[in-house]
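Working notes, beginning with the structure itself.
The values are calculated or read from the model by the stated rules, or taken from the named source; none is laboratory data. The shown structure was predicted, so the numbers you read here are calculated from the model rather than taken from an experiment. Here Cβ is always computed from backbone atoms with ideal geometry, including for glycine, and neighbour counts include all displayed protein chains. Protein only, heavy atoms only, side chains kept; ligands, DNA and RNA dropped before computing areas. Shrake-Rupley method; radii C 1.70, N 1.55, O 1.52, S 1.80 Å.
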Number of protein chains: 2
Amino acid sequence: MPTSKDVAEAAGVAQSTVSYVLSGKRPISEKTRKKVEAAIEQLTYQPNAGARALASRKTRVIGLVIPFIPELHMASIMEFVSVIATTARQYDHDILLVTEDEGAAGLRRVVGQQICDGLILMQVEGEDERLPVARTLNVPVVLIGIPRDPSGLVCIDADFEMAGEQCVRDLAAAGHSVISVIDWQPEVVDRHVNYVDRFMGGTDTAARAVGVTVQHLPGGADRETIAASVDKALAQTTGVPAFIAPDGTVQDILRRTLASRGLTPGVDVSVIGSASPTLAELQPIPLSTIDLRPGEVSRRAVKIICQLLSTDSQGPHESLELVPTVITHRASTLCPPRTA
Amino acid sequence: MPTSKDVAEAAGVAQSTVSYVLSGKRPISEKTRKKVEAAIEQLTYQPNAGARALASRKTRVIGLVIPFIPELHMASIMEFVSVIATTARQYDHDILLVTEDEGAAGLRRVVGQQICDGLILMQVEGEDERLPVARTLNVPVVLIGIPRDPSGLVCIDADFEMAGEQCVRDLAAAGHSVISVIDWQPEVVDRHVNYVDRFMGGTDTAARAVGVTVQHLPGGADRETIAASVDKALAQTTGVPAFIAPDGTVQDILRRTLASRGLTPGVDVSVIGSASPTLAELQPIPLSTIDLRPGEVSRRAVKIICQLLSTDSQGPHESLELVPTVITHRASTLCPPRTA
DNA sequence: GCGAATCGTCGATGCGTATCGACGATGGTC
DNA sequence: GACCATCGTCGATACGCATCGACGATTCGC
């Protein structure tokens, strides 16, 4: 492997000159620059990351803490991971994976060994042993998700409250007067995951504002529970029933349950779920969705941390950014107002 | 951040002694070791990764090249990623993400800058511009998947041929004489992805060996195509029909198609798919599966590369390891032979 | 045509660790 | 008790780059 010293010799300049050509931190004459660049090209020189990190105290690596796999949300996690990695490259950074099972010690390790300059924590919920640690680490940390106590932390997440509001307002506008929200799976609800409360709060706010009834019914991965919820909703609704089912598994079961009751989404009943546009289009009846835009959340998370890194302002930061959600009407809801 | 020099001063020894305590590469008296360890503890010293890499020429980081996201296989990709990251930690290594969209240049970059000591390439299929590059990089590379020309490369993958054989043999043993294999999606088949051929080869081999008929029918994400395939299979089968549907999306459509024809898997018809045990159990009728064991493949990939790294034998290596698949009979196949 | 400001380049140094040769202290041998 | 091997520790150096101060060469103003 050639070093910058080799390049310097080949170009007939000092090693420091090579460094300045690369960094642009001092003016270099056109002539010298050409010579150096030619030598770099010819030797296929690439700077050594370790040496660079040692001298500059910057690794240009961001640690990404991925959640322990609950088997079902893996696809959505991968979307975050993929976009984060790609976006980081646009800022000339790389992504180092840290698995959640390393816990708070993992954070201390990668920061303490100076393997990375900052951290992104995915899927932060409620309480978390890593949060107090994150606050005291002297590197930028960005959370995707909002913990119960976000003080002293930089957070970004989809605007779940807006999502809840949008769903209810649009269903109300389509003529529904009773709207049933099928909960996430009980494990999620019981953890009192922040985003569930925010979503539910949004639906209730909108219900009050536009004068419709919103009822929350138990969901889960269990077909009997959901079937019971559906039947209860059907019994209590006088007009055309409307369902909001944020969870993908719940959507599957809801779809089959409605079919077995002889109800067709978009005709006898409205259904809105949360899903990516691609998945929504693949459904037998394309699903009207509230898109939580994981890609956009990921991009912004990377942008935020890279800004923090470039200004490397030491002190603790605190901010909270919510990414607007997008509602798209497809075939599973009654016509007005149909967009997209 | 404390350095090994700080630790040395606190312990009253030389910096090199601290290094030897940590590495164990020279004998250290019990007394000195205690002093040094106490100082490390007290200062919460952690060695600087950059300096370590510079001096030792080892980063203890493995680059993981993840495929560009085709949206549907994201969940299975995440399973690989997660297990690889966790396993790497067991060998005291970290994982750096490299996205496929960086292409061959990405490989040159991370290796040339010496950001990582070796690479794992995921989901390698047929031809790939990165393969010739991988062969010339002077670091260990392990492929998950088998390219058309595996010469000079270290590969590991599930044993798709064995998978095909197992499916056919077990269905034959259960009394089926005609077995229909529903293809993967056409984009996959057209790429002439290696594993498809291997799987199909396995089914044909077993068919010949046990004297049953295996027919291959078009699959895809398209319900009409699959429905047509199913009807064709039903028409051509005299005994109890049997289906093998490796692809998850195909399974979904197959399930509904059979239901609409009034056929119940495990009673009127046998169905074997490829899926994780967890997902298989979640089905309305638990699916008999051929498990391709992505976790095991991942673990072995990490193990292989870590062995190559520890022996750092320079020359190009070549090997091919196939991970045995596991067939598990659940409710979707006829009784004999039912296991698990 | 002289001093001052500017520009472009160089040499030296430091970043924190691993590793090599050296050397004092110990223990054993005859 | 003189000699040698072994053990444990130290000091020095190298790893490859970034960065700082210095300095010769220009350029400009007057």
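Checking B:267, B:326, B:240, B:297 one by one, the residue that is of a type in the set (Val, Ile, Thr) and open to solvent by less than 40 Å² (accessible area, probe 1.4 Å) is B:297 and no other.
Being within 13 Å of DNA strand D (Cβ to nearest atom), open to solvent by 10 Å² or more (accessible area, probe 1.4 Å), in contact with an Asp or Glu (Cβ under 8 Å, 6 or more places away or on another chain) and more than 7 Å from chain A (Cβ to nearest Cβ) is a property that holds for residue B:58. Among residues of segment A:118-139 that are of a type in the set (Val, Ile, Thr), those with a beta-carbon under 8 Å from a residue that is assigned to a helix (DSSP H, G or I) and surrounded by fewer than 18 Cβ atoms within 10 Å (Cβ to Cβ) at least six positions away or on a different chain give the pairs A:133/A:104; A:133/A:108. Evaluate the following for residue A:228: is it touching a residue at least 24 places away in the same chain (Cβ under 8 Å), in a helix (DSSP H, G or I) and either of a type in the set (S, T, N, Q) or more than 14 Å from chain B (Cβ to nearest Cβ) (or both)? No: the conditions fail for residue A:228.
Selection within segment B:8-27: residues that are within 43 Å of the chain's Cα centre (by Cα) and either β-branched (Val, Ile, Thr) or outside any helix (DSSP H, G or I) (or both). The member of this set that is nearest to DNA strand C (Cβ to nearest atom) is B:25. Can we say residue B:11 is over 22 Å from residue A:117 (Cα atoms), modelled with pLDDT under 95 and open to solvent by less than 50 Å² (accessible area, probe 1.4 Å)? Considered against the rule, which asks whether it is over 22 Å from residue A:117 (Cα atoms), modelled with pLDDT under 95 and open to solvent by less than 50 Å² (accessible area, probe 1.4 Å), residue B:11 comes out as yes.
Need at least 2 residues that are of a type in the set (Val, Ile, Thr) and more than 14 Å from chain B (Cβ to nearest Cβ) per element, so show me which strands (runs of 3 or more DSSP E) inside segment A:73-164 make the cut, counting only ones lying wholly within it.
It comes to A:141-144, A:154-158.
All of (1) within 23 Å of residue A:143 (Cβ to Cβ); (2) away from DNA strand C (no atom under 16 Å from the Cβ); (3) touching an Asp or Glu at 6+ places or on another chain (Cβ under 7 Å) hold for residue A:43 with one exception: (1).
Does segment A:105-118 contain any residue that is in the same structural domain as residue A:153 (by TED's automatic domain parsing) and farther than 23 Å from residue B:52 by Cα? Checked segment A:105-118: no residue is in the same structural domain as residue A:153 (by TED's automatic domain parsing) and farther than 23 Å from residue B:52 by Cα. Of all residues in segment A:28-55, those being open to solvent by 80 Å² or more (accessible area, probe 1.4 Å) and either within 8 Å of DNA strand D (Cβ to nearest atom) or assigned to a helix (DSSP H, G or I) (or both) number 9. For residue A:61, the criteria (1) within 11 Å of DNA strand C (Cβ to nearest atom); (2) under 20 Å from the mean Cα position of the chain (by Cα) hold in every case but one, which is (1).
Matching residues to (1) small (Gly, Ala, Ser); (2) open to solvent by less than 10 Å² (accessible area, probe 1.4 Å):
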{"position": "B:160", "(1), (2)": "no, no"}
{"position": "B:179", "(1), (2)": "no, yes"}
{"position": "B:186", "(1), (2)": "no, no"}
{"position": "B:208", "(1), (2)": "no, no"}
{"position": "B:245", "(1), (2)": "yes, yes"}
{"position": "B:249", "(1), (2)": "no, no"}
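Touching a helix residue (DSSP H, G or I) at 6+ places or on another chain (Cβ under 6 Å) and at the interface with chain B (Cβ under 10 Å from one of its Cβ atoms): is that true of residue A:63 in this structure? For residue A:63, the condition - touching a helix residue (DSSP H, G or I) at 6+ places or on another chain (Cβ under 6 Å) and at the interface with chain B (Cβ under 10 Å from one of its Cβ atoms) - is met. Scoring residue A:4 on the criteria (1) more than 7 Å from chain B (Cβ to nearest Cβ); (2) open to solvent by less than 20 Å² (accessible area, probe 1.4 Å); (3) within 12 Å of DNA strand C (Cβ to nearest atom); (4) under 23 Å from residue B:56 (Cα atoms) leaves a single failure, condition (2).
Given the residues A:95, A:69, which is the only one that is away from DNA strand D (no atom under 16 Å from the Cβ), in the same structural domain as residue A:308 (by TED's automatic domain parsing) and touching a strand residue (DSSP E or B) at 6+ places or on another chain (Cβ under 7 Å)?
On the way: A:69 fails: touching a strand residue (DSSP E or B) at 6+ places or on another chain (Cβ under 7 Å).
Unique residue meeting the criteria: A:95.
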